[in-house]
Structure formats: C-alpha cells, structure tokens
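What follows is a set of notes on a single structure, which appears directly below.
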Amino acid sequence: MGIHHRISRRDFCRTGAAAVATAALPLPAFAQVAPRVVVIGGGFGGASCARTLKQIDPKLQVTLVEQSKTFTACPFSNNVIAGLRGIEAQQFGYDKVAASGVTVAAQAATAVDATARTVGLADGISLPYDRLVLSPGVDLRFDALQGYDEAAAAKMPHAWKAGEQTLLLRKQLEAMEDGGLVVIAAPANPYRCPPGPYERACLIAYYLKTKKPRSKLIILDAKDTFSKQRLFQNAWKELYPDMVEWVSLSQGGKVNAVDPATNTLITDFGNHTAKVANVIPPQRAGRIAMIAGAADNTGWCAIDPVTFESKSAPNIHVIGDACIAGGMPKSAFSANAQAKACARAIATLLSGGSPAAPKLINTCYSLAAPDYGISVAGVYQPKNGLLADVEGAGGVSPADAPRDFRAREAEYAQNWFATITAEVFG
Amino acid sequence: MKALRVAIAAAAVTAWHQPLLAASDPPPGAVSCSGCHSTGTASSSIPRLYGRDAGDTAKAMAGFRDGSLPATVMNRIAKGFTDEESRAIAAWLAAQK
C-alpha cells in the first residue's frame, strides 16, 4: 500500500530531523519542511478541501483519511430509490484526488490527540499535522427512537447514507404490492439535507403513481415547518393528489418508537403499520468529531465563521454537515463551498497571515418529479460569531412559476450534480 | 521527544512563506461559483465563468440584481453581493484559466 510506504518514510525523516536538531543544526535547515494538513472524511467537504489545499500550494503535505474506497453521493440518491437512476451514477473513486497530489489513506481515523497534533488510524499509524480538518458528515443516532437501532435499519431503512441502504429501500418499494402504504419518518432540525425527506416523498410518489397507483405515502414529521414547504405542498397537490399526506408535529406526526417486527411506527396519537417504512432518525456530527473534542453537547461542532476552526479544539477545523454553520443548511453545496473557504483560511494561517472574512453561497435543488425542479439559495457571511444570511438575498423558487421554469430548474439540478462531482472527484 | 517534535513543527510553520498566495487570493464569494459553474469543459446549460470577460460577468450580476435579466436562481444569489463585490469576483474569474 502506497500510504504505508509514504508514511513510514515520513516517520523515518521525522526521526532523522529530530536527531539532527539534537545536534544543534541551525534552524534554516527546516525552512523547507512543508506544513502538514490532515483531512478526515472524503465527501463533498473533505475531498474538496484536500484538493483545494494542494491547488493553493502544491508544496503542502495533504493527507485525506477516508475508510471507503468508493464514495456514494447522497444528492440524487432519491432518484435511485425511485428507480430513475442506477447507484453507479452516485459512485466516485479517489484516483483523481490522489493524482492531484493528495495522499489518500484508506483507513478509519480512530483517535485524535489535539495536544500532540496527531491522528491515529485503525491500523496503528499516527499522522502528525499542523492543521486538521474534520469533514465526517453525520452519524445516525441509533439511541434516539425507541426500537430503532442498526438491526432495525435493516428492516426499516433510513437510506440517509447512500449505498446499501438506498438499494434496500429501492428493493422494498419494488417488492411492495399496489395499494401498499409507504411511511417516511422525518426528524426534527438540524439534520443532513433539510428538504431531502420531502423530495424523497415526491420521487417515491412519482414511482407509485407510475407503477402502483393505488398506493399511499404518509410523512410523519417531528416538526411543523420544513424547507421549501409551500413548493413541495403545491407539487404534492399538483402532481400526486390524494397520494401524499403530511402529518406535522402538532398533528401528531412525531415518531417516538418503532417496532421492526411489524413495521410499525408509533406516535403519541397512534400507530402506523407500513408496507415500507423509511425511518430517518435524528443525527449528530460524525464520531471522530466527538473523539477530537470538537463536538458540543448538541452533538454538532461550533466553529469560527471565518476560519472554520473549532471553538473548542484549536488547530482543528470542521466543515460540512458536522459543523454548526448558522444559516447555512447541511447540504453538499454548503460543504463544498465551506471546504474551499476553509482551505484558503488554512493556507493563509500556515503562511502567518490572517484570513479575510469569506462570503459563502448555498444552492440546493430538489426534484418533485424528473422534470420538475425547485431550489433554495442563500448567501452567507460571518456575523456575531455565526454564518448569517445576507439580508435581501436568497430564498426559494417562485410559487407561481410555469412548468417550463420547473423543467429548467430540474435540468440545472442535473448540471449542478455533474459539475460539483467533477470538481470534487473528477 | 514529543516536545521537540512540536518545536520543530512550529519552527517549520513559522518559516513557511507563500508570496504567491496573496496575488491569487479570490475575493469573498468567488470560490463558491464553481459549485455550479464548471471550471472544466462547459458541457452544460450553466456557463463556464473562468476566463470570461469581467465586464460581461459584472454586467450580468447587475442585471440579475435589479431584475432586468431574468433568471431562475442567479437573481436570488446576486442580491447577496454589492456591485463592487461582483466586480471583484468577475475580475478574479476572468483571470482564471
């Protein structure tokens, strides 16, 4: 494995340097040692950040730690669930990331020593860093809904991390007979991809309408409002009348417990037994953020809005779904935009400068049908220690737009996915 | 040993200089554009912005902002930037290959 070779050689060099230092060689001998940045997590945030760092300064030593050899993207995975797209279209490797000069360590990061500035990998290797970037995405909380643990997820898929779970939900929908009940349980805020459950409802309804038109879909929601709400509700009325029902928190939509043996979702107001149950549980920052001391008692990571440096763990930066980014939603676009801003800030810090306040953009498309796109956009800047919406900017697609407008947004959604995945992995 | 390593790392970082960085520093907001606007081959209906005439980009942003240029999403994004910010972004984008 290339990584072992490179790291052991680096370790050797470091030992050599220490020995030389003991012999009191003048300091300038070390001036050529490039700063080391370790990035944990190879998704839209981490892979973008690693590549941008190398782009800004090819001499930086950048290591991307990512356990999986293949990344399976969440955006557009609802199309896979609806049978509109193969899972292969969601999958990307790290060859081009490695070819851009980033050392890719296909290992799990299991430890962070913020004082010694080292990351421990599952195979025992220790990676020293000057700056660490955490982009671990989310962990699903298998302790939040009574009865919903990892074993239950094999019966009642969350499909909130793309891959096997996506395919499982797809298979269950295919196997369901016409007239069946599909239930989606949506969590309270904050969670990955705020409009995701509602796009999923649309695209599953699209599949049902086409193939199993007597079926029904109920969304049991732990909240009373949601992203792009009016647009989604209009689309349900317009495209899937009498098929989609949304049950809000105040109508008794919050799922408290599940029974995987009977595929039952339990709320304060009653039980719903589904043919297909998609349970999206509450979430928190990926586990390594907790290990590194970067997550607070909410389970998420407070950051400086200029540098993305953790408010509790110095020299550790957190980007993407795991961080508390104020007004910025947990989206792939946000993670990518944050990654590029964070990389700039880190390069500036490493060269002794002080990073300028960034401005960030988020654009997030959802599909109500393959040719019916809607979007939310926002512009953000640091304000009162958070990333705040720039007033007067952003917002959702117009409620009264004609169908050709929706068709154009659906096309832009496709183009966005092609462009962003090419920037990150291509 | 650990303390020595940290000292060496600190010395290495302090001695690190990057004169190139300041010259190519993108203005606030500029690096977000490539989330949708490809920096590679423009194969989609979303135009490539790298290398594009700065005047054209700034003019389009002004049009999106005041509503004279119809758009699906750029009207919402352009309102987050002043004319001066847009012109700085446009100039940086024009200078990229």
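The values are calculated or read from the model by the stated rules, or taken from the named source; none is laboratory data. In this text the structure is predicted, and so the values were computed from the model without any measurement. Ideal geometry is used to build each Cβ from the backbone, glycine not excepted, and the neighbour counts take in all protein chains shown. Calculation scope for accessible area: heavy atoms of the full protein, side chains included, ligands and nucleic acids excluded. Shrake-Rupley method; radii C 1.70, N 1.55, O 1.52, S 1.80 Å.
Computed from the C-beta positions of residue A:404 and residue A:116 and an R0 of 41 Å, the FRET efficiency is 0.10 to the nearest 0.05. Near the amide H of residue A:138, within less than 5 Å, lie the amide hydrogens of A:286, all on another chain or at least 5 residues away, with H placed in the peptide plane. Going by accessible surface with a 1.4 Å probe and the largest first, A:262, A:72, A:115 read A:115, A:262, A:72. The share of C-alpha pairs in the stretch A:300-362 whose separation exceeds 13 Å stands at 57 percent.
How big is the gap, in Å, between the Cα center of the stretch A:39-102 and the Cα center of the stretch A:288-339? Comparing the Cα centres of the stretch A:39-102 and the stretch A:288-339, I get a distance of 18 Å. The residues of the stretch A:81-168 expose on average 40 square angstrom of accessible surface per residue, using a 1.4 Å probe on protein heavy atoms.
For trypsin sites (Lys or Arg not before Pro), the sites in the stretch A:308-345 that DSSP calls loop and that have at most 16 other Cβ atoms within 10 Å are A:311. Here's how it looks for residue A:383: its modeled amide H is under 5 Å from those of A:388, which are all 5 or more places away or on a different chain. For chain A, the longest piece that avoids every one of the GluC sites (Glu not before Pro) found in DSSP loops with at most 12 other C-beta atoms within 10 Å covers A:178-390. Rounded, prolate or oblate: which fits the stretch A:109-172 when a ≥ b ≥ c are the square roots of the eigenvalues of the alpha-carbon gyration tensor, with rounded for a/c under 1.5 and prolate only if a/b beats b/c? The shape class here is prolate.
Find the percent of Cα-Cα distances in the protein assembly as shown that exceed 41 Å, and round it to a whole number. Here the long-distance tail beyond 41 Å is 23 percent of all Cα pairs in the protein assembly as shown. So which of A:171/A:216; A:96/A:340; A:161/A:359; A:211/A:237; A:359/B:97 end up more than 25 Å apart by C-alpha? Pairs exceeding the cut-off: A:161/A:359. Rounded to a whole number, what % of the accessible area of the stretch A:68-223 do carbon and sulfur atoms account for, probe 1.4 Å? Result for the stretch A:68-223: 49 percent of the exposed heavy-atom area is carbon or sulfur. Residue A:64 exposes around 0 Å² of accessible area when a 1.4 Å probe is run over every protein chain in place. Residues whose amide H comes within less than 5 Å of that of residue A:65, counting only those at least five positions distant or on another chain, are A:39, A:40, A:41, A:105 (H built at 1.01 Å from N in the peptide plane). Each stretch of four or more DSSP H residues adds -39500 (n - 2.57); spread over every residue of the protein assembly as shown, this sum gives -10500 deg cm²/dmol at 222 nm. Peptide B:77-84 shows a mean partner chain C-beta count of 5 within 10 Å per residue C-beta. Taking each full run of DSSP H in chain A as one helix, which ones are at least 18 Å long along their axis (Cα atoms) and have mean Kyte-Doolittle hydropathy of at least 0.0? Flagged H segments are A:332-350. Rg and Dmax, both from the Cα atoms of the stretch A:170-233 and both in Å, are 12.4, 34. Extension gain for residue A:141 to residue A:230 (0.36 nm times residue separation, less C-alpha to C-alpha distance): 29.1 nm. Annotation for the stretch A:155-197: trypsin sites (Lys or Arg not before Pro) lying in DSSP loop with at most 10 further Cβ atoms inside 10 Å of their Cβ do not exist.
With all protein chains in place and ligands, DNA and RNA left out, the 1.4 Å accessible area ranks A:259, A:143 as A:143, A:259, largest first.
Using every pair of distinct Cα positions in the stretch B:28-69, the Kirkwood expression returns a hydrodynamic radius of 11.2 angstrom. Evaluated at q = 0.18, 0.19, 0.23 Å⁻¹, the base-10 log of the normalised Debye intensity for the stretch A:307-426, with identical point scatterers placed on the Cα atoms, takes the values -0.98, -1.05, -1.32. Label sites at residue A:100 and residue A:245, each approximated as a point 7 angstrom past Cα along Cα to Cβ, lie 4.8 nm apart.
Within chain A, DSSP assigns beta bridges of which about 55% are antiparallel (rounded to the nearest 5). Taking A:131, A:230, A:141 and ordering them by how much accessible surface each has at a 1.4 Å probe, largest first, produces A:230, A:141, A:131. Comparing mean-square fluctuations of A:206, A:380, A:412 from a GNM of chain A with C-alpha springs under 10 Å, the top value falls on A:412.
The contact between chain A and chain B removes approximately 3800 Å² from the accessible area (both sides summed; 1.4 Å probe; ligands, DNA and RNA excluded).
Measuring with a 1.4 angstrom probe and ignoring ligands and nucleic acids, residue B:38 comes out at about 20 Å² accessible.
FRET efficiency for the residue A:302 to residue A:91 pair, using the beta carbon distance and R₀ = 41 Å, is estimated at 0.80. In this calculation the C-beta distance from residue B:41 to residue A:268 is compared with R0 = 60 Å, giving a FRET efficiency of 0.65. Computed over protein heavy atoms with a 1.4 Å probe, the accessible surface of the stretch A:174-273 works out to 43 Å² per residue.
With contacts taken as Cα pairs under 8 Å at a separation of at least 6 residues, chain A carries a relative contact order of 17 percent.
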